[in-house]
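Engineer: What follows is a structure written as C-alpha cells; I'll ask about it next.
The values are calculated or read from the model by the stated rules, or taken from the named source; none is laboratory data. Quick caveat: nothing in here was measured; it's all calculated off a predicted structure. Every residue, glycine as well, gets a Cβ built from its backbone with ideal geometry; the counts of neighbours run over all protein chains shown.
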Amino acid sequence: MPTYEFLCKDCGPFEERRSFQEASDPMRCPSCEEEARRVYLMPATGKAPTAFSNAMHRAEKSAYEPEVARQPAGGVKYQSGHGGHCGHNH
C-alpha cells in the first residue's frame, strides 16, 4: 500500500498509508482529528538514473517551451507545387 502525505492546517504535514481508492479522500489528522487534505508532491527523481531524470526535465520543459523544429538532415526542403497536386502540374 502506498504512503501519501497530508497537511493539517494546525499540526502540519503527516504521512499515511492508504489504498489507491482512498488516496485523494481527505482524512483526519492523527493529532487533532481535524480534516486534512492530501499534498501532491513531485516524484522523487533525485536518485533516478541520469537518462530518466534528463528525460523528465525535457518533458516538463517542453510543456512550456516547445523545442524548435530543425531542417531534416541532408538539406531536403519542401517545395510547393504552385497549385498543383503534390507538386505536379496536370
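Engineer: Give me the pairs: first residue in the range 39-56 and under 14 Å from Tyr4 (Cβ atoms), second residue modelled with pLDDT of 70 or more and surrounded by 12 or more Cβ atoms within 10 Å (Cβ to Cβ), beta-carbon distance under 6 Å, and six or more apart or on different chains, which are they?
Structural biologist: Val39/Glu5; Val39/Leu7
Engineer: Scan the range 4-29 residue by residue and report those that are assigned to a helix (DSSP H, G or I) and not hydrophobic (A, V, I, L, M, F, W, C).
Structural biologist: Gln21, Glu22 - these are the residues of the range 4-29 that are assigned to a helix (DSSP H, G or I) and not hydrophobic (A, V, I, L, M, F, W, C).
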